[in-house]
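Participant: Take a look at the following structure, please.
Any read-out appearing in this document is the output of simple, stated calculations on the displayed coordinates, not a laboratory observation. None of the values given here were measured: they were computed from a predicted structure. Cβ coordinates were reconstructed from backbone atoms using ideal geometry, including for glycine residues, and neighbour counts include every protein chain displayed.
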Amino acid sequence: MPRGKRLDPAIFNLPVEEMRRGYYSDKYFVRAREVLVADGHHPQVLMQVFGKADAYLGGVDEAIAILKLCSWDDLTVHALYDGEEVKPWETLMTIEGPYDAFAHLETLYLGVLAHRTRVMTNTRWVVDAAKPKDVLFFPARHDHWTLQSGDGYAAQVAGAIGVSTDAQASWWRGEGIGTVPHGLIAAYGGDTVLATRKFAEYMPDHVKLISLVDFDNDSVGASLGVARALGERLYGVRLDTSETLVDKSIIPEAGRPAPTGVTAQLVRNVRRALDAEGFRHVKIIVSGGFTVEKIRVFEGEGVPVDGYGVGSSLYRGRFDFTADVVMVEGRPCAKVGREYRPNPRLERVE
């Protein structure tokens, strides 16, 4: 996302009236605002927002949208952009205006920053570890469905080349991508080749045909089967062996402890078998428990992977944000240790 371009607040479909009345806000912020309004006290403050960890920012435009749609007229906001890197304690946003105008919104803008930054940062780390290989964003099943649109956007800004649901791709008017799933294979009696052929028959040509090949725990055999049946129509195979199983091709050479799940040797076995029969065009996508650490190991060892499908690990970790009033009526007034830290990288939000 280039500097100077922000998302239209309308895209977030916010429940503005509920937000304005504090329905989603911590009660003490709501009551603080009620006290100020009842007392006719409208102090001009400077609120400073910062995080406590190295991160790639997500949710900035969403946080700005909350302010714009709920209480904008009397505010002056400066902020960084989605996707920008920040250091611990670096100021990423300032909000200036009468405190009673936005006190009740703090829970909301900090919450979206925390969640989207977690997704943005974890995805960016995975993308950097996998370069120049593709990363597919596959964590939809690991969190609430209402989070999908913003999370997919965060992943796209972070460098993921594909998301798994249309909702995740909605903010840039894209669509989800996917593979021939285990459920479809089961529906065709466990026949991976038949299920893949049916998928190719009924899906339009622009849909990349990627088949899961671990249904029978024989990734080499299934990969060759679908490659022979589909030829050039087959874009790739996806290795997704369970972390509790040792693939059939590994068993003869397995040591102790047995190498379960998707291993470097399994990828090499599949690549070797495909290449031997002239299917060099078939790409290998791996998934199932991949973390940034495991990707770094694979890339360090030169494992012939063409792309990584990453899911649950993109939601791990905490990236919390804090907001403090640091100036009141133009004079320093902050909690001890939270003095104002100007940041020349901030830009005025129009």
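Participant: Apply 1/(1 + (r/R0)^6) to the Cβ-Cβ distance of residue 272 and residue 242, taking R0 = 22 Å, and write down the FRET efficiency to the nearest 0.05.
Facilitator: On the way: r = 22 Å, r/R0 = 1.01.
Computed FRET efficiency for residue 272 and residue 242 comes out at 0.50.
Participant: With each run of n ≥ 4 DSSP H residues scored as -39500 (n - 2.57), what mean residue ellipticity at 222 nm is computed for the chain after dividing by its residue count and rounding to the nearest 500 deg cm²/dmol?
Facilitator: -10500 deg cm²/dmol
Participant: Something else: Volume per residue, Å³, of the convex hull around the alpha-carbon atoms of the stretch 1-73?
Facilitator: 144 Å³
Participant: Then there is this: Ranked from highest to lowest mean number of other Cβ atoms within 10 Å per residue, what is the order of the peptides 36-43, 63-70, 78-85?
Facilitator: On the way: 36-43: 11.6, 63-70: 22.2, 78-85: 19.5.
The densest-packed peptide leads the list: 63-70, 78-85, 36-43.
Participant: How long are the semi-axes of the equivalent ellipsoid of the stretch 233-350, taking √(5λ) for every eigenvalue λ of the Cα gyration tensor, in whole Å from largest down?
Facilitator: Values for the stretch 233-350, descending: 50, 18, 11 Å.
Participant: Test of understanding: ordering 72, 125 by Cβ neighbours within 10 Å, fewest first, what list do you get?
Facilitator: Taking fewest neighbouring Cβ atoms as first place, the list is 72, 125.
Participant: Need one number for the stretch 121-235: average projected area of the convex hull over its C-alpha atoms, nm². Mind dumping the intermediate values first?
Facilitator: Values: hull surface 32.7 nm².
Mean orientational projected area (the stretch 121-235, Cα hull): 8.2 nm².
Participant: Just to compare against my own numbers: the Cα pair-distance distribution for the stretch 127-315, 5 Å bins, whole % per bin, please.
Facilitator: 1, 8, 17, 19, 21, 17, 11, 4, 1, 0
Participant: Take every DSSP beta bridge whose two residues both sit in the chain, then give the antiparallel share in percent to the nearest 5. Walk me through the numbers on the way to the answer.
Facilitator: On the way: 24 of 42 bridges.
Given both bridge residues lie in the chain, the antiparallel proportion sits at roughly 55 percent.
Participant: Cα to Cα, under 15 Å, and not fewer than 8 places away if on the same chain: which aspartates and glutamates meet these conditions relative to residue 208?
Facilitator: Hits, sequence-local ones excluded: 134, 175, 232, 306.
Participant: As a test of the definition: which semi-axes, in Å, follow for the stretch 41-88 when you take the square root of five times each eigenvalue of its alpha carbon gyration tensor? Largest first, please.
Facilitator: After diagonalising the Cα gyration tensor, the semi-axes are 23, 14, 7 Å.
Participant: Give the whole-number value, in cubic angstrom per residue, of the convex hull volume spanned by the C-alpha atoms of the stretch 131-173.
Facilitator: Per-residue hull volume (Cα only) is 64 Å³.
Participant: Now for a different question. By average Cβ neighbour count within 10 Å, what is the ranking of 331-338, 25-32, 306-313 from highest down?
Facilitator: Going from most to least packed, we get 306-313, 25-32, 331-338.
Participant: In whole Å, what is the distance between the alpha-carbon centres of the stretch 214-231 and the stretch 7-68?
Facilitator: 53 Å
Participant: For the stretch 259-315, what mean projected area does the convex hull of the alpha carbons give, in nm²?
Facilitator: 4.0 nm²
Participant: For a protection proxy built on the mean count of beta-carbon atoms within 10 angstrom, sort 232-242, 339-349, 145-155 highest first, please.
Facilitator: For the peptides 232-242, 339-349, 145-155, the packing ranking is 145-155, 232-242, 339-349.
Participant: Let me ask something else about it. In whole Å, what are the Cα extents of the stretch 1-155 along the three principal axes, biggest one first?
Facilitator: Sorted largest first, the three principal extents are 59, 30, 25 Å.
Participant: Still on this structure: Karplus couplings for the stretch 117-131 from phi (6.51 cos²θ - 1.76 cosθ + 1.60, θ = phi - 60°), rounded to Hz, Gly and Pro as x?
Facilitator: 5, 4, 5, 4, 5, 4, 5, 4, 4, 5, 4, 5, 5, 8, 3
Participant: At what distance in nm do the modelled label points of residue 11 and residue 146 sit from each other, each positioned 7 Å from its Cα along Cα→Cβ?
Facilitator: According to this spin-label approximation, the distance is 2.1 nm.
Participant: Another question, if that's okay. For the chain, what is one quarter of the convex hull surface built on the Cα atoms, given in nm²?
Facilitator: The Cα convex hull of the chain, projected and averaged over all directions, gives 20.8 nm².
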